[in-house]
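Below is one structure, written out as structure tokens; the observations come after it.
The values are calculated or read from the model by the stated rules, or taken from the named source; none is laboratory data. All of these numbers come straight from a predicted model, not from anything done at the bench. Here Cβ is always computed from backbone atoms with ideal geometry, including for glycine, and neighbour counts include all displayed protein chains.
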Amino acid sequence: MPIPSREALVDHLVRTRIAGDVATPRENNLSHYRRLSNGDRHYWLGIELGDRWTDEQDVLAVMAERCGVIDDPEHRFGQDTIDPELTVAGLERMAARLRKAAAAQERVLFATGHPGSLLDVHRNTAEALRRAGCEIVRIPGGLVADEGYVFQFADVAVFERGASIWHTHSPEPMNAILDALEAEGSPLPDLVVADHGWAGRAGQRGIDAVGYADCNDPALFLGEAEGTVQVTVPLDDHVLDPRFYEPMTAFLLDAAGLEQV
């Protein structure tokens, strides 16, 4: 995969709607911000937000700043946006943390709640870090969470129910991994690269966590604002063709000084 310039990547993100005018409607975004601020823990993504974000307008302000949604509180319906410049800036911050992991040959755990779209992003990043000398954490077998199973597929922890890999926002699969590692006396990861509740709960438990989040998933952006999550990259986390993320991954690995798979 050719490595795109910053300008070319911005154009690609907008053209494929990974950023720019994204598919998630404004009303869905605001509904999620409201539910988070009303204390619905499903939208906290494993981060203990307490009573610090009870004003929906405060959540919107952070999302405008860190994700690039439209900052007008009177804009209630229709199109919403992700700023592609913020996406690329987030990738550059993530790359700096990956570079640090490679230099220290850290133990890194990868996980995704969006296996239909982000699995290859995580898988390719894991392989690049392995080639750089990092240890990719192998999770214990037989883990159960949310009436399903947690296992590893192509170096990436995923959630499975009914013989299918599921989309999940839950933090419980990450809890299951970390609890099992502690129970068997294995060291915890130095770094978690993930999304959804996998990233949020890792950060909440004191592990360096970086991840990806959509404009209707505000918790990881709030976590970054508070320092619980180190990096949150804004993007549409489920565009129609997973191959659209390949230039983004190439840019990330190059910025981190890692060899492409």
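Of note:
- Enumeration of residues in the range 201-247 that are more than 24 Å from R15 (Cα to Cα) and in contact with a Phe, Trp or Tyr (Cβ under 7 Å, 6 or more places away or on another chain): A219, L222
- Some residue of the range 112-125 being in contact with a Cys (Cβ under 7 Å, 6 or more places away or on another chain) and under 24 Å from P234 (Cβ atoms): no
- Members of the range 1-46 that are buried (at least 21 other Cβ atoms within 10 Å of the Cβ) and on the phi > 0 side of the Ramachandran plot: L45, G46
- Any chance L252 is buried (at least 24 other Cβ atoms within 10 Å of the Cβ) and of a type in the set (A, V, I, L, M): yes
- Reported count of residues in the range 5-33, each being assigned to a loop (DSSP other than H, G, I, E, B) and over 12 Å from D236 (Cα atoms), is 1.
- Pair list, Cβ < 8 Å and 6+ apart or interchain, from the range 118-133 residues that are closer than 17 Å to L240 by Cα to residues that are aromatic (F, W, Y) and crowded, with 18+ Cβ neighbours inside 10 Å: L118/Y212; L118/Y245; D120/Y245; V121/Y212; V121/Y245
- Qualifying residue in the range 78-86 (condition: within 17 Å of W198 (Cβ to Cβ) and either assigned to a helix (DSSP H, G or I) or free of Cβ contacts under 8 Å to residues at least 12 places away in the same chain (or both)): no
- Residue in the range 114-131 that is part of a loop (DSSP other than H, G, I, E, B), touching a Gly at 6+ places or on another chain (Cβ under 8 Å) and not β-branched (V, I, T) present: no
- In the range 203-229, the residues that are more than 23 Å from V22 (Cα to Cα), in contact (Cβ under 8 Å) with a residue 40 or more places away in the chain and under 11 Å from the mean Cα position of the chain (by Cα): V229
- Taking the criterion of being hydrophobic (A, V, I, L, M, F, W, C), touching a residue at least 40 places away in the same chain (Cβ under 8 Å) and farther than 21 Å from A101 by Cβ, the residues of the range 236-252 that qualify are V239, F244.
- Test: residue in the range 42-52 that is modelled with pLDDT of 95 or more, of a type outside the set (D, E), under 30 Å from L258 (Cβ atoms) and not in a loop (DSSP other than H, G, I, E, B): no
- When Q105 is tested against (1) crowded, with 20+ Cβ neighbours inside 10 Å; (2) touching a Cys at 6+ places or on another chain (Cβ under 7 Å), exactly one condition is not met: (1).
So that you can scan it fast, the table gives a plain yes or no per residue for (1) of a type outside the set (F, W, Y); (2) within 22 Å of A256 (Cα to Cα):
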| position | (1), (2) |
| --- | --- |
| V121 | yes, yes |
| G141 | yes, no |
| Y149 | no, no |
| S170 | yes, no |
| P173 | yes, no |
| G197 | yes, no |
| R201 | yes, no |
| I207 | yes, yes |
